[in-house]
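> Sharing a structure here in structure tokens format.
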Amino acid sequence: MIQFTADELRDTATRIFRAAGADPEPTAILVNHLIDANLAGHDSHGVIRIPAYIQAILRGQIQPNARPSIIQETPVSALVDGNWAFGQISARYGIDVAIAKAKAQGVAVVGVVRCNHIGRLGTYSTLAAKQGVVAMVTIGSIGNSTAPFGGRKGAFGTNPFSFGFPAGDRPDVMVDFATSAIAGGKVQVARAKHEPVPPGSLLDKNGQPTTDPNAYFDGGMLLPFGGHKGSALATLSVLLSHVLTGAYNFTDKTSLTGTFMLAIDAGLFRDRAAVEADADRVLGKIKDVPPAPGFDEVLVPGEPEVRTAERRLKEGIPVAEDTWAEIVAAAQSVGVTLEKK
Ligand SMILES: NC(=O)c1ccc[n+]([C@@H]2O[C@H](COP(=O)([O-])OP(=O)(O)OC[C@H]3O[C@@H](n4cnc5c(N)ncnc54)[C@H](O)[C@@H]3O)[C@@H](O)[C@H]2O)c1
């Protein structure tokens, strides 16, 4: 592993995307998203994505300087056209619209279509919670990376969900996970580190269980987490983000995903401060549970990411040698030579 500071990775990623033709503003939003994912401990959605995004720019799937726009809206809803910008730009626009409408009207739903890969969903739910808005974000696709429960052929993408809930003095709650047993990007990370994936998360192309991450890139597929329950959530993710939004009607390019966002003002039913104080009490009760054998303490969702970010800001971010080699090659493809680390 090679250790980088967050600023080193930010500068590197910025140079690469600027050389690929992205303007300073979308570059900054994208790069901050990637580095925040690394800081949060989700290396699957950090700088490891640079090569794929550069390739997507070069083949025209990502329009680096496109801006999202609104296709249709009501006081409580908006259908956003991502216009094939970086997915992070489209989703950021979508959540900003959802937050503003929820603050004005109490609730809001937003769909984002013609949207590239949006990265780590927790970024968006955290943004909402920080502003006193409860949020749910899901991005679903009918792909072939994840098999439905009981199946041996892929039918879903990894169809993640994220929820944000504002707390008072405690850190806001941030729930954020793929509905596959592990996120696709984490198979990529395991492959780069030459490590197996956990048992029960992967089938090879013949439908046989395996822990070899290479099997995933050779026609294999992930399994849903929690058996039929994960499979049910993955189904719901597609229905909300693809069927409800009509993202299907906009799928004129490959590997596309619709995004669905729900935002609720924390002050909808009663005073926001009272909601946040009660959230603190509920979280405190959970935190006070004595740890089971093998655990140091009970954590609430969002705590691991906050702690990892604090640690990585001080100690740096580890990047696998293979991942760094791919980033160096991606940089070269747009004329940037990276210094040896
Ligand atoms: N854009 C996409 O298409 C896409 C697809 C799949 C996944 N993703 C992203 O991949 C990332 C990783 O997903 P994942 O499925 O590997 O997540 P994960 O299995 O690491 O679960 C993370 C969630 O569990 C919580 N958590 C972790 N340990 C905990 C503990 N001990 N106690 C309580 N809560 C705990 C975290 O706070 C977080 O909410 C997410 O950020 C997700 O948004 C994105």
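The values are calculated or read from the model by the stated rules, or taken from the named source; none is laboratory data. What you are looking at is a predicted structure, and each value in this text was computed from that prediction instead of being measured. FYI the Cβ positions are ideal-geometry reconstructions off the backbone, even for glycines, and counts take in every protein chain you see.
> Could you say which residue among ALA190, ALA183 is more than 10 Å from the ligand (Cβ to nearest atom) and touching a Pro at 6+ places or on another chain (Cβ under 9 Å)? Can you show your working first?
Numbers: ALA183 fails: more than 10 Å from the ligand (Cβ to nearest atom).
Within the list ALA190, ALA183, the selection yields ALA190.
> Hey, ILE62 hits all of (1) touching an Asp or Glu at 6+ places or on another chain (Cβ under 8 Å); (2) away from the ligand (no atom under 12 Å from the Cβ) but one; which does it fall short on?
(1)
> Moving on. May I ask you to say which residue of ASN116, ASN83 is closer than 22 Å to ALA183 by Cα and in contact with a strand residue (DSSP E or B) (Cβ under 9 Å, 6 or more places away or on another chain)?
Details: ASN83 fails: closer than 22 Å to ALA183 by Cα.
Just one listed residue meets the conditions, ASN116.
> Let me ask something additional. Within segment 292-332, how many residues turn out to be assigned to a strand (DSSP E or B) and away from the ligand (no atom under 16 Å from the Cβ)?
First, the residues of segment 292-332 that are assigned to a strand (DSSP E or B): 317-319.
In the following step, the residues that additionally are away from the ligand (no atom under 16 Å from the Cβ) were identified as 318-319.
Here the count works out to 2.
> Checking the conditions here, which among VAL282, VAL275 is within 16 Å of the ligand (Cβ to nearest atom), in the same structural domain as ILE118 (by TED's automatic domain parsing) and over 30 Å from ARG59 (Cβ atoms)?
Sole residue among the options that is within 16 Å of the ligand (Cβ to nearest atom), in the same structural domain as ILE118 (by TED's automatic domain parsing) and over 30 Å from ARG59 (Cβ atoms): VAL282.
> Quick one: what pairs do we get from segment 229-246, first residue in contact (Cβ under 8 Å) with a residue 12 or more places away in the chain, second assigned to a helix (DSSP H, G or I) and among the small types (Gly, Ala, Ser), C-beta under 7 Å, 6+ apart or different chains?
If the second residue must be assigned to a helix (DSSP H, G or I) and among the small types (Gly, Ala, Ser), the pairs left are SER241/ALA247.
> Here is a check on your reading of the model: is LEU30 out of contact with any Asp or Glu (no Cβ under 6 Å at 6 or more places or on another chain) and either surrounded by fewer than 23 Cβ atoms within 10 Å (Cβ to Cβ) or free of Cβ contacts under 8 Å to residues at least 12 places away in the same chain (or both)?
Values: out of contact with any Asp or Glu (no Cβ under 6 Å at 6 or more places or on another chain): yes; either surrounded by fewer than 23 Cβ atoms within 10 Å (Cβ to Cβ) or free of Cβ contacts under 8 Å to residues at least 12 places away in the same chain (or both): no.
So LEU30 fails the test.
> Could you identify the single residue in ILE70, ILE118, ILE57 that is farther than 24 Å from GLY184 by Cβ and either hydrophobic (A, V, I, L, M, F, W, C) or modelled with pLDDT under 95 (or both)?
Numbers: ILE118 fails: farther than 24 Å from GLY184 by Cβ; ILE57 fails: farther than 24 Å from GLY184 by Cβ.
ILE70 is the lone residue from the list that is farther than 24 Å from GLY184 by Cβ and either hydrophobic (A, V, I, L, M, F, W, C) or modelled with pLDDT under 95 (or both).
> Taking into account only those residues within segment 222-239 that are of a type in the set (A, V, I, L, M, F, W, C) and at pLDDT 95 or above, which is surrounded by the most Cβ atoms within 10 Å (Cβ to Cβ)? Steps first, please.
Within segment 222-239, the subset of a type in the set (A, V, I, L, M, F, W, C) is 222-223, 225, 232-234, 236, 238-239.
Still in the running and at pLDDT 95 or above: 222-223, 225, 232-234, 236.
On the way: LEU222: 27, LEU223: 22, PHE225: 20, ALA232: 15, LEU233: 21, ALA234: 30, LEU236: 16.
The extreme case among them is ALA234.
> Give me the residue from segment 151-166 that is assigned to a loop (DSSP other than H, G, I, E, B) and more than 19 Å from ILE95 (Cα to Cα) and, out of that set, farthest from the ligand (Cβ to nearest atom).
Initially, segment 151-166 is screened for residues assigned to a loop (DSSP other than H, G, I, E, B), giving 151-155, 157-160, 166.
Still in the list and also more than 19 Å from ILE95 (Cα to Cα): 151-155, 157-158.
Numbers: GLY151: 19, ARG152: 21, LYS153: 19, GLY154: 14, ALA155: 15, GLY157: 6, THR158: 4 Å.
Once the filter is applied, the top-ranked residue is ARG152.
> Condition (residue is under 23 Å from ASP278 (Cα atoms), near the ligand (Cβ under 8 Å from one of its atoms) and not in a loop (DSSP other than H, G, I, E, B)) applied to segment 130-150: is it met by at least one residue?
No, segment 130-150 contains no residue that is under 23 Å from ASP278 (Cα atoms), near the ligand (Cβ under 8 Å from one of its atoms) and not in a loop (DSSP other than H, G, I, E, B).
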